[in-house]
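Starting off with a structure, shown below.
The values are calculated or read from the model by the stated rules, or taken from the named source; none is laboratory data. For clarity, every value in this text was computed on a predicted model and none was experimentally measured. Cβ placement follows ideal geometry from the backbone for every residue including glycine, while neighbour counts extend to all protein chains displayed. The area values use the complete protein model at the heavy-atom level, side chains included, leaving out ligands, DNA and RNA. Shrake-Rupley method; radii C 1.70, N 1.55, O 1.52, S 1.80 Å.
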Amino acid sequence: MMDSIVLNVVDIGNIEDLSFVKRATQLLQKLVSNGAAIGWVDPPSTEEVAGLLRELVIASKNGNAYLIAAWIGPDLAGIGFWRRYNRPTHRPHANVEKVAIDPQYQGHGLGRQLMNQLISSAINAEVEMLTLDFRGDNERAAKLYKSLGFTEYGRLPRFVAVGTARYDKMFYVLDLR
């Protein structure tokens, strides 16, 4: 399967393609419905996903974001992105906000490929520090991020609330200087 993975930068043409937006929405909705910790408690609407994708594509034109899609054959198997911080004093830095892999393609190195591409693009965009955060029970993510050179720089105990459950929020950074 590794040979059949195609990574594509998402551009305005993709965003105007309603089938791409629909596929991205379905991917994110499926993950959230299955309990994935990717920033939503309830599955996002098509309008919300379309707005996010459009915002990222516009920001990417100025080197302020990078959005990538992973395809396996005709299937949208994953998406990921980083974007720069808005505060002027934080502009040299960017945050990986979502890495979402379809469950049927998890465990085959796709997350690693997406992250490697995100890291390379951040280096090319002269990002100095690439940060990310994730829910503390996501051991698979922690293992991946550590293997890519990210280090923990903080945690907020029991910060993430999903119903009555509480999870630590983990903060990792990769120094690209």
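With a/c under 1.5 counting as rounded, go ahead and sort the chain into rounded, prolate or oblate using the C-alpha gyration tensor (a ≥ b ≥ c being the square roots of the eigenvalues; past the cut-off, prolate if a/b is larger than b/c, else oblate). Intermediate results must be reported in sequence, preceding the final value.
Numbers: a/c = 1.33, a/b = 1.09, b/c = 1.22.
Since a/c stays below 1.5, the shape of the chain is classed as rounded.
Shifting gears a bit: Starting from the Cα-Cα distance between E55 and Y153, subtract it from 0.36 nm times their residue separation and give me the gain in nm to one decimal. Provide the component values of the computation, followed by the final result.
Values: separation 98, 0.36 × 98 = 35.28 nm, distance 2.82 nm.
Extra length available between E55 and Y153 comes to 32.5 nm.
Another question, then. With +1 on each Lys and Arg Cβ and -1 on each Asp and Glu Cβ, and nothing else charged, work out how big the dipole of the range 105-168 is about its Cα centre, in Debye to the nearest 20.
Values: 8 positive and 7 negative charges, 60 e Å.
My answer is approximately 280 debye.
What is the distance in Å between the Cα centroid of the range 106-154 and that of the range 1-72?
Here the answer is 17 Å between Cα centres.
Tally up the carbon and sulfur contribution to the accessible surface of the range 85-144 as a whole percent, 1.4 Å probe, everything protein left in place.
Within the range 85-144, the accessible surface is 44 percent carbon and sulfur.
OK, next. Can you list the lysines whose alpha carbon is less than 28 Å from that of K61, not counting same-chain residues fewer than 8 positions off?
Within the straight-line limit of under 28 Å, K61 reaches these lysines: K22, K98.
May I pose another question? Expected output is a single nm value to one decimal: the length gained when fully extending between K146 and H108, i.e. 0.36 nm times separation in residues minus the C-alpha distance. What is it?
This chain segment gains 11.9 nm when fully extended.
Under a 1.4 Å probe, what is the accessible area of the range 1-148 per residue, stated in Å²?
That works out to 51 Å² for each residue.
Just the number, please: carbon plus sulfur as a percent of the accessible area of the range 1-59, 1.4 Å probe, no ligands or DNA/RNA counted.
Roughly 52 percent of what the probe reaches on the range 1-59 is carbon or sulfur.
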